[in-house]
Amino acid sequence: MDAFASKHFRGVTRRDLLKASLAAGAVVSAEPLLTPRRLHAQGKRGGILRVRGYDPPHFDPHQTLNFKTNNTLSFVHNKLVRHKVGVAPGTFTVEPDLAERWEELDDTTVVFYLRRGVRWHNKPPVNGRELTAEDVKFTFDRFLTEPANPLKFMLDPVDRVEVVDRYTVRFRLKEPFVWLVNMLANPTGTWIVAREVVDKYGDLKKPESAIGTGPFTLERYDPNVKTVFRRNPTYYRAGEPWVDGVDWLVMEDAAAGLAAYRTGQIDCGNWHGWTVRQQDLASLKKSQAQLVYRDWLSNVTQGIYMRTDKPPFNDVRVRRAISHAIDRQAIIESVWVKGEATPAIGRGLTEWSPRVDQLGPGATYYRYDPKEARRLLAEAGFPNGLKTQITATPGYGIDIVDAVQMVQRQLKESGIDAELKLQEYGAYIGTTFLGKYEGLAMGPFSIAWEPHTALYGMYTPEQPRNSSHVADARIVSMLKEQMRTKDLEARRKIIFDIQRYAADQQYYVYLYSVGATGSWRPYVKNYSPNSSFDYGNRSAALWLDR
Amino acid sequence: MRKYVLRRLLVASASLAIASLAVFSLPRLIPGDAVQLMLDERAYGKDLEDLRAKLGLDQPIYLQYFEWLGRVVRGQLGESLWTRRPVIDELARRLPVSLELGLMALCFSISIALPVGIVAAVRQDSFADYVTRSLAILGLSVPGFWIATLAVLLPAIWWGWSPPIQFTEFSVDPWAHVSQFVLPAVILGVASAAAIMRLTRAMLLDVLRQDYVRTAWAKGVSERCVVLKHSLKNALIPVVTVLGIQVAQILGGTVIFETIFGLPGMGRFLFDAINQRDYPVIQGINLLIVSVVVVMNLTVDAFYAYLDPRIRY
């Protein structure tokens, strides 16, 4: 062997073997990062989860705020952060999702560090490529600039989103905003989307454009029938999803849905949130005691909103009269069976929601008092009462319609003759819910995963979610203050003060938060219900043991 | 017979042409604020001009009609504003479901109503007659959706069984596909059966009183022959007319049953399209229903000629 060969080809030494074995060890220990499919020790693979689902008006998260779209998108998309799964209902702890960690550099700068190796679904036009910071920037640029996006208020303080490097994104804020991370965790509108998909389809309304990085892929959408989701084999969370897929079944008829649940055709409760209607609960428990049941108080606020920018509802006496006219307890008992009168934040979010008796002077207006209602109306210049209209939608279910009719009757007893107008859900969400209506409207109008969303959009002038057209500088000032207040207790005090002031002014006549009972079949394991649109993550964590 | 059929075909063609004008005119009669409402509620277009262009409202009316007619003849009914899919594809998926439900309901109602009506007429004022007439009144007066709801819920409570809520296509499981239609078809057919039974009884009673029938009795012809051979055909003419009308009613009125039993038919789609202000779909379904009604009437007219060779108008 010549000198060159002897220098470069000296055979395999012990050092070479040691290096090789160390390298091999490094590869083996990196295996979960490269191929994250090691099965959870407890989970059981297989089966199709059959559950009640919805027909979304469309699939674009930046052109709506309706729950049907966001529920459906939760299966195929991720967010930067998410609400923890496997917690008690009413708990909304934020944990990493696509971002593995984040850092607040100063009061107006937050940096998110993305997980590496997260892949888009293996469908054109993304074809399974890796998620990068550019995708996040594109998503939030679209979120902030899409003219039809009614959720922009959630990220109002965001000035811009910048790409630092391939896996790092920086949020620059116009002002301090303590709720930024919570906003990004809310399962509505902040799903990360891909530019190529928007370029290909023009928007994200078509079902074919529901392409994400989430635990499931959307295989098929049959309007009026079902949406079929199947496991994403390249999902980044090890082991998940356990089920092979989800059949998201459209069930508009309550009786048929209940019959389907009773007879095992679906795996979880047939009502919204995979619950069972309270009216059906006693009979179901009696005949199907083997099913699993879990109770909680909803974090959804139901109430009446009105055109406070116009007569007669620009007069606080008229608004207070409406509140006095409503017998909240009677409606709870007749329609919902369980529930509690609520302030601005739904009672289910107990750490941010004071009881009605803690609302100070505003608590007075929660008292059912038709006589006082009439007196207030007369004082406001309506001694003979007034005529108006009240808009609602049956899209949330039959109970809402029953409740509206009770409200209508109670208002009439106090001298307010409100003509009922029922609107189809999509039309309601596109118009009435965003303030385009006359007179009064009623329905669930805020869901509180944290207090900011339930207050800011609804009280800030010019925001689409300001359904009552409120223009009150004092409340805006308090909202701005709580957005900047880092200290939790100080912030809570401000939030409580806002709710006390809201109760006094009655821009929104808050009615109640209702009781909910989640139910599922015993073979559905590791499932934790919650009042959240994030069905996808909850479905990914559960497994079927049958 | 051939001339008669050709004449009926000509009349049917004229009916279809007039119907197409009516269907075409439908969205053109929409007031401007309704188009604005579609934009506000659904964001079907970027702005008002864009949406009017999508609805074809931006050109001279005669051009719009001929362009639209040309597309219809080629099977292009436009695109659904809601699902963004071709209307013809949506109808192709849903029409078979509605037709299957409707035809099964009709078969059920005819197979029950005709024999029962005949027995009730022949055994007039007997116990059987009173029972069948009472049941017919019940069938006409009890709402079908109430029966359907009970039919879904009560077996689930009593026996742990309910009809399937997931629609199964024929190609996936033929037996499951057919069996999911049985219960809704029976319930849907009940009201139709009641009406046909009463009409059959009334018409047959009328015919049985005719002189020629009395002559047949006098000649000693058997009851079976008098009723089935000599009387029934004449009694069936108005019954066939009503059957033709009921086909159209069933096609357009199955929305409640489709909702309760989870069947993706045209009724439910039309209902959703109206709610969604999806005018291309509403137009397409209207055109389809009109075409089916015209064809049904043509079939009924041809059947008249078979039942009574004297009919040749």
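We did not get these values from a lab; they are worked out from the coordinates using the rules stated. As the structure is a computational prediction, the values presented were derived from the model and not from experiment. Backbone-built Cβ (ideal geometry, glycine too); neighbour counts: all protein chains shown.
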Here the whole-number average of other chain Cβ atoms within 10 Å per Cβ of A:197-207 is 1
Neighbours of A:Gly264 by Cβ distance under 11 Å: Lys/Arg at +1, Asp/Glu at -1, summed charge +3
Spin-label point model (7 Å from Cα, Cβ direction): what's the A:Glu413 to A:Ile48 distance in nm? 5.0 nm
Helix A:316-325 axis, angle to chain A major axis (alpha carbon atoms, nearest 10°): 90 degrees
Shape verdict for segment A:49-160, please, from the Cα gyration tensor: rounded (a/c under 1.5), prolate (a/b greater than b/c) or oblate. rounded
Pairwise centroid distance, computed over Cα atoms, of segment A:482-533 with segment B:59-78, Å: 54 Å
Run the quick spin-label model on A:Arg101 and A:Asp497: label points 7 Å from Cα toward the beta carbon, then report their separation in nm to one decimal. 3.7 nm
Compute the acute angle (0 to 90°) between the alpha-carbon long axis of helix B:87-122 and the principal axis of greatest extent of the alpha-carbon atoms of chain B; round to the nearest 10°. 20 degrees
Return the distance in nm (one decimal) between the two label points of a simple spin-label model at B:Tyr62 and A:Gln358, each offset 7 Å from Cα along Cα→Cβ. 7.6 nm
For the pairs A:Lys68/A:Lys412; A:Lys205/A:Lys285; A:Lys84/A:Lys338, flag any whose C-alpha to C-alpha distance is greater than 29 Å. A:Lys68/A:Lys412; A:Lys205/A:Lys285
Averaged across the residues of A:218-227, what count of C-beta atoms belonging to other chains lies within 10 Å of each residue's C-beta? 4
Residue list for segment A:382-422, given a label point 7 angstrom along the Cα-to-Cβ vector of A:Glu438 and an amide N cut-off under 14 Å: A:387-391, A:418-421
Counting other C-beta atoms within 10 Å, and keeping those with at most 16, which DSSP coil GluC sites (Glu not before Pro) do you find in segment A:366-458? A:Glu438
Below 15 angstrom from the Cβ of B:Leu236, what's the summed charge of the other residues (Lys, Arg +1; Asp, Glu -1)? +2
Given contacts defined as C-alpha pairs under 8 Å and at least six residues apart, what's the relative contact order of chain A, whole-number percent? 21 percent
Within a Cβ distance under 11 Å of A:Thr275, other residues only, what is the Lys/Arg minus Asp/Glu net charge? +1
What ³J(HN,Hα) values, in whole Hz, does the Karplus curve 6.51 cos²θ - 1.76 cosθ + 1.60 give for segment B:280-296 when θ = phi - 60°, with x put for Gly and Pro? x, 5, 4, 4, x, 5, 4, 4, 5, 5, 4, 4, 5, 4, 5, 5, 4
